[in-house]
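Please treat every number below as a calculation from the coordinates, not as lab data. Every value quoted in this text rests on a predicted model; they were computed, and no experiment measured them. Because the Cβ atoms are built from the backbone with ideal geometry, glycine has one as well, and the counts that use them run over all protein chains shown.
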Amino acid sequence: MTHKRLSEITQRIIDRSRDTRAAYLERIEQMRSDGPSRSRLSCGNLAHGFASADGEEKQMLSDSNAPNLGIVTAYNDMLSAHHPYGDYPEKIKRTAFESGVTAQVAGGVPAMCDGVTQGQDGMDLSLFSRDVIAMATAVSLSHNMFDGAMCLGICDKIVPGLMIGSLSFGHLPVVFVPAGPMTPGLPNAEKVKVRQLFAEGKVGRAELLEAESASYHSPGTCTFYGTANSNQMLMEMMGMQLPGSSFVNPGTGMRDKLTEAAVKQLVKLTERTDQYTPMAQVIDEKAVVNGIIGLLATGGSTNHAIHLVAMARAAGVQINWQDMSDLSDIIPLMCHIYPNGLADINRFQAVGGMGFLIRSLLSEGLMHEDVKNIMGDSMAEYAKEPFLENDELVWRDAPTESLDDDVLRPAAKAFSPTGGMKLLKGNMGRCVIKVSAVKPQNRAVKAPARVFYRQEDLQAAFKAGELDQDFVAVVRFQGPRANGMPELHKLTPPLGVLQDRGYKVALVTDGRMSGASGKIPAAIHLTPEALDGGPISLVQDGDMIELDAEAGTLELLVSEEELKARKPDQSDISASHYGTGRELFAPMRAEVGLAEEGATVFRW
């Protein structure tokens, strides 16, 4: 039986979304109403669409009753996570042809890596790349040539962008196809140690690069539990990927079989079958709630406090940070994966993985089971895991027990009775905090503010020995409208060192932290942002700030009279608007919405 509070929160979302969800479904039904897309093309249109196909494929494409699958790919060979996708189109086309259908690469989408751009000017494009990817997905599927779509993408903004773009074609069945994580490299504890030693100047760049190269060493996603692997978890929790497919390594027989099975499953879902399952039916209020539940139960990326909101709105579903925080009160933290622990994603997969997680959540009534997905009408299909029997893919029931309670536990015996993300409210605005990796003794900080405008300024103050004290770092003008809301990854090592030295430290910012947000209490995505004249723009050095993650509060301890007398900081931030292509994104900075509304330029 579904947990009473879970049912109440879900119903609240359904009620709030009634008008927008109905409007979305009406638009999608209008797109479907005229039949298969290719039947609407003129002979000239269609001839252009299959001009490059060979004879047999051309004959199949000329028949509007024969399904054609569109491949939207984020392949590039610079990014380890997307490198494996290089040969996926040919594999997909071959399997499609063997299944009596055709497949074509509909288009490509950009795929940038926050790991490469961290601390660089290019990071200012990162968040906006999600909406660019959504638009590129729409362009890819706009030719009316396709009866279903396969989305090839893994990393931070790519999966949310593919999801948002695909939802505009919600009359089509859509399957997401992962490529898997790289095999384990340097243990996370050793990597963190070297990073902190470098921050303290105790090792040089050569030692740091050696450690990083040993960590990120082969094709596949990074093995820590950041946004990329959180994306894969979400796609399973929301029923858009094959069960157990998220964390199988690239270049393995299992990986190839899962890709083939994804093609065959998509063929079953196309409109000319009795299992027709358009994406609009899969991504509904309950699916979105299941995604939030997965995020909380695993201690996933804080970036999804933004992305999930935008993805949901693309399907007409209205969620907010209060919903996430209320669900966090009832969803237990079941995983300890780095940065919330030392294990990597391969270890999580080995000790039980997604099948165990979903099985346990369902057994405790902490997840919606009655949700349509690409496998059928029940999420019970996702409480299974794939195996190879005589080179054939089969699914068996997931294990009933974790093989390592230090990494993965059942919901009834979780690491914490509450999830990993909370809403903070107070006179500074609204923001989120990830507490799963923050020790209880560090979750409340009351200390004077130190105001910074760039993460490099905080680093310089740290190196100069100016921060050996209790303080709250206020890093402002980092919001979506100011500079595209870059991740402030460079803040993690120095703040971690100071906390280890025994100081009470915290971060308050209208920017983002890495998907690997860790042990420092970080109040992030603060809304309204400084550029909008939010209270963060009024903070001065020495002001007392009180952050309490347990109570869910963030307060600037300055009288209301004093705050009214202050003028918002209006620092010149134009230097961050040029170079590395940033000038091209001025229209997006001007139009972007609030972080709690998904920080998107789209209006639904």
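Annotations for the structure displayed:
- Estimated FRET transfer efficiency (SER39, GLN275; beta-carbon r; R0 25 Å; 0.05): 0.75
- Rounded to the nearest 20 debye, dipole of the chain from Cβ charges on Lys, Arg, Asp, Glu: 340 debye
- Neighbourhood charge, 10 Å Cβ-Cβ cut-off, centred on ARG347 and excluding it, Lys, Arg +1 and Asp, Glu -1: -3
- Over all other residues within a Cβ to Cβ distance under 12 Å of LYS384, the charged ones net out to -2, with Lys and Arg as +1 and Asp and Glu as -1.
- Label separation (ASN390 vs SER213): 4.8 nm, computed from points 7 Å beyond Cα along the C-beta direction.
- Hydrodynamic analysis of segment 252-328 uses the Kirkwood radius over alpha carbon pairs. Inserted into Stokes-Einstein at 37 °C and 0.692 mPa s, it gives a translational diffusion coefficient of 226 µm²/s.
- Its DSSP H runs of at least 4 residues, each contributing -39,500 (n - 2.57), put the calculated 222 nm mean residue ellipticity of the chain at -11000 deg cm²/dmol, to the nearest 500.
- Against the compact-protein benchmark of 2.2 N^0.38 Å, the Cα-based radius of gyration of the chain scales to 0.95.
- Euclidean distance between Cα centres, segment 44-106 to segment 144-186, Å: 15 Å
- Distance violations [Cα-Cα > 21 Å] among LYS4/LYS439; LYS384/LYS434; LYS157/LYS434; LYS157/LYS191; LYS446/LYS567; LYS91/LYS268: LYS4/LYS439; LYS384/LYS434; LYS157/LYS191; LYS446/LYS567
- Gyration tensor (alpha-carbon) shape descriptor, segment 8-56, a/c threshold 1.5: prolate
- From the alpha carbon centroid of segment 457-528 to that of segment 289-366 is 24 Å.
- Relative contact order of segment 347-401, pairs being alpha-carbon contacts under 8 Å that are 6 or more residues apart, as %: 36 percent
- Computed over neighbours whose Cβ is under 11 Å from that of LYS191, the net charge equals -2, Lys and Arg +1, Asp and Glu -1.
- Cut-off under 5 Å, modelled amide H: who pairs with GLY107 long-range: ILE71, THR73
- Ratio Rg/Rh [Cα only; Rh per Kirkwood] for segment 421-573: 0.92
- Extension gain for the segment THR553 to GLN11, taken as residue separation times 0.36 nm less the Cα-Cα distance, is 192.5 nm to one decimal.
- Approximating the spin labels as points 7 Å out from Cα along Cα→Cβ, the GLN540-to-ALA461 distance works out to 1.6 nm.
- Across all Cα pairs in segment 43-110, the calculated P(r) in 5 Å bins from zero up to the longest distance comes to 3, 16, 25, 22, 15, 11, 6, 2, 0 percent per bin.
- For segment 390-420 and segment 195-243, distance of Cα centres in Å: 22 Å
- 37 °C / 0.692 mPa s Stokes-Einstein diffusion coefficient of segment 290-430, Kirkwood radius on C-alpha pairs, µm²/s: 204 µm²/s
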